[in-house]
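The values are calculated or read from the model by the stated rules, or taken from the named source; none is laboratory data. From a predicted model like this one, the values you see are computed outputs, not experimental measurements. Glycine also receives a Cβ, built like all others from the backbone with ideal geometry; neighbour counts cover every protein chain displayed.
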Ligand code: A3P
């Protein structure tokens, strides 16, 4: 079946999730061709949940012996995080700017739900880090992001009203939606197999980034040594990957198309705050979304606020 998504773009339903045509093609090719290795690290997020931030953190943490964060030529200084950790589903097709990483561990990312991941990811010992974000801020971030892209290609694009857009988001008709299904899949898995999935929240990263950097490093079996802690390595990584620093690097200020098809590097950085939903949603819209989330997450033990 097809539907207009939350921004009026045509989307296809595939195994219960919504995709535009290009991503659907990349997804099915990826499912058929990808062979996971035990050492792979897979970052999974819903779009606009802080993927760029997570990519920069995991790259800095796992590659810190090879690349000191203070190094002027650190890869994150010259390359947007999406160029260092590609999305699987964009690796296939005619996208020449992205390549499957070489070396070990391979760092990869996806927005796909667990049920649509290739079997080899499920059966191998590779590790998954899942990051989610409060749905109010995710919706608002997505709304700004998609609006910018769609207007770029068609200045006369007819958007639905915010109310209608939210309505479709709440029906699950948004990129890779329904968003709650994806969140719940990884939440449950993180409880059943904590060695397979580390479940993180954007708001927790904002709350205590040092603790979360340690959490990530411990989970990936590359804990910070006490010497590193004394030298302030964790603080340096956190500062480097902060919104303020990362968004002000020349490479990320660039309005040239980067490593994600059709998207300029600077489009991944907008405000980077908690609570910006207040500038777009009315209280009753926010309450409607909260009610839906509460109903969907009921009994799971997960809270998203
Ligand atoms: P806002 O639109 O609310 O500002 P993704 O990386 O999944 O596409 O998500 C993009 C969102 O994460 C945007 O949110 C963006 O500003 C924010 N973001 C990007 N880099 C960040 C960072 N280093 N720290 C915190 N938030 C960041």
### Message
List the helices (runs of 4 or more DSSP H) inside the stretch 243-305, counting only whole elements, that have at least 1 residues being out of contact with any helix residue (DSSP H, G or I) (no Cβ under 9 Å at 6 or more places or on another chain) and either more than 15 Å from the ligand (Cβ to nearest atom) or farther than 23 Å from residue 205 by Cα (or both).
### Response
283-297
### Query
Being within 16 Å of the ligand (Cβ to nearest atom), within 19 Å of residue 77 (Cβ to Cβ) and part of a loop (DSSP other than H, G, I, E, B), is that true of even one residue in the stretch 214-236?
no
#### Entry: Selected residue [surrounded by 13 or more Cβ atoms within 10 Å (Cβ to Cβ) and either over 16 Å from residue 4 (Cα atoms) or under 18 Å from the mean Cα position of the chain (by Cα) (or both)] from 159, 199
199
### Query
Only one of 205, 281, 304 is crowded, with 19+ Cβ neighbours inside 10 Å, under 18 Å from residue 141 (Cβ atoms) and modelled with pLDDT under 95; which?
304
### Query
When the stretch 213-253 is examined, which residues are found to be in contact with a strand residue (DSSP E or B) (Cβ under 9 Å, 6 or more places away or on another chain) and in contact (Cβ under 8 Å) with a residue 40 or more places away in the chain?
216, 219, 220, 251, 252
### Message
Residues that are within 30 Å of residue 275 (Cβ to Cβ) and either in a loop (DSSP other than H, G, I, E, B) or over 17 Å from the mean Cα position of the chain (by Cα) (or both): does the stretch 26-43 have at least one?
### Response
no
### Task
Specify which of the listed residues (60, 56, 49) is part of a loop (DSSP other than H, G, I, E, B), surrounded by 15 or more Cβ atoms within 10 Å (Cβ to Cβ) and under 17 Å from the mean Cα position of the chain (by Cα).
49
### Message
Given the condition on the phi > 0 side of the Ramachandran plot, in a loop (DSSP other than H, G, I, E, B), touching a helix residue (DSSP H, G or I) at 6+ places or on another chain (Cβ under 9 Å) and surrounded by 15 or more Cβ atoms within 10 Å (Cβ to Cβ), answer yes or no: does some residue in the stretch 106-125 qualify?
### Response
no
### Task
Take the stretch 164-182 and flag every residue that is in contact with a strand residue (DSSP E or B) (Cβ under 9 Å, 6 or more places away or on another chain) and assigned to a helix (DSSP H, G or I).
168, 171, 179, 181, 182
